[in-house]
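Taking it in order: structure first as structure tokens, then the write-up.
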Amino acid sequence: MEAAPGPREFLWLIAGFLLLGSRGSASPDPADAFFPLVSQESVKIKVSMLGNNGDSQEGQVVLNITYVNGQVYVNDFPLKSGVARIKCQTLILVNGDSGRSDQQRLGIVSVRIMVHKWPMASSSNLQLIVVQEEVTEIDGKQVQQDEVTEIDILVKDIQVLRHTNYTVPLKESMLYSIPRDNDVLFTLPNVAGKDIESPLQTTSHYLLRQAETTVDEETMPGKLPETPLRTEPPSSYKGGPSA
């Protein structure tokens, strides 16, 4: 009996799908300049949290994830490869009661962010970038998250050839399999509400204005069009956290 493919084999499979898709729609090399340099996603992470009355409440944490010039940013904060645990201010959408619209507010969230970059064997300047997120706290209170949003970005040099996103069960994600003891800890500026303008404030206020315009809108201005590549997420990794 053949062994089940591991997470690295799944990543090669994803990269193959992405590369084939980009080749099918791309022009020859002289047209590479037409590929965008920026990939932007506004992801809504579903969580369960305790309301003011002690009951469980459903909500969403909005994070702005951007790839530009070879760098991954979360709410304008640059992240390197690996797993970072950050505390930042961002937009929270809280599901309203029956007949009531969702409510939005700014809150302080603690979130684990995994960024991994895999060079492709066929070319040293072709790279697959994978981003996953797990929210652990909102305003100091623990939350429960069942699914992870994974963003896959295929780049050549610093040009974005193709990107896609989908959800996988948290316990089957690569992020869940990485021990939390290895996380790099960051506290982003201005989480205490000081009157100091920062890129984080700009992003948070922009997200709030965007939600006030339309809560149901899934994309933000400048977001690249997505092309669904599959219905089953092949990079899901069925394994628990390491001991």
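Every number in this text was worked out from the coordinates using simple rules, so none of it is lab data. None of these values were measured; they are calculated from a predicted model. Methodologically, a virtual Cβ is constructed for each residue, glycine included, from the backbone with ideal geometry; neighbour enumeration extends over all protein chains shown.
Each residue of region 169-183 in turn: what ³J(HN,Hα) in whole Hz from Karplus with 6.51, -1.76, 1.60 and θ = phi - 60°, glycine and Pro shown as x?
x, 3, 6, 9, 8, 5, 4, 5, 7, 8, x, 5, 4, 8, 5
Can you work out the PRE-style zone for SER56? Point 7 Å along Cα to Cβ, and I want the residues of region 135-150 with backbone N under 12 Å.
Output list for this probe position: 144-146.
For region 66-76, take each phi angle, set θ = phi - 60°, evaluate the Karplus expression 6.51 cos²θ - 1.76 cosθ + 1.60, and give the result in whole Hz per residue in order, putting x for glycine and proline.
Result, ordered by residue: 10, 10, 8, 6, x, 10, 9, 10, 10, 6, 6 Hz.
Pairs LYS80/LYS141; LYS46/LYS80; LYS46/LYS141; LYS44/LYS141; LYS46/LYS156: which are spaced more than 22 Å apart, C-alpha to C-alpha?
Pairs exceeding the cut-off: LYS80/LYS141; LYS46/LYS80; LYS46/LYS156.
Using each residue's phi in region 103-112, evaluate 6.51 cos²θ - 1.76 cosθ + 1.60 at θ = phi - 60° and report the 3J(HN,Hα) Karplus result to the nearest Hz, with x for Gly and Pro.
9, 10, 7, 8, x, 9, 10, 9, 9, 8
Arranged from highest to lowest average of other beta-carbon atoms within 10 Å per residue, in what order do the peptides 133-139, 80-86, 110-116, 49-55 appear? If you can, show how the numbers build up before the last one.
Numbers: 133-139: 19.1, 80-86: 16.1, 110-116: 21.0, 49-55: 10.3.
Packing order, densest peptide first, comes out as 110-116, 133-139, 80-86, 49-55.
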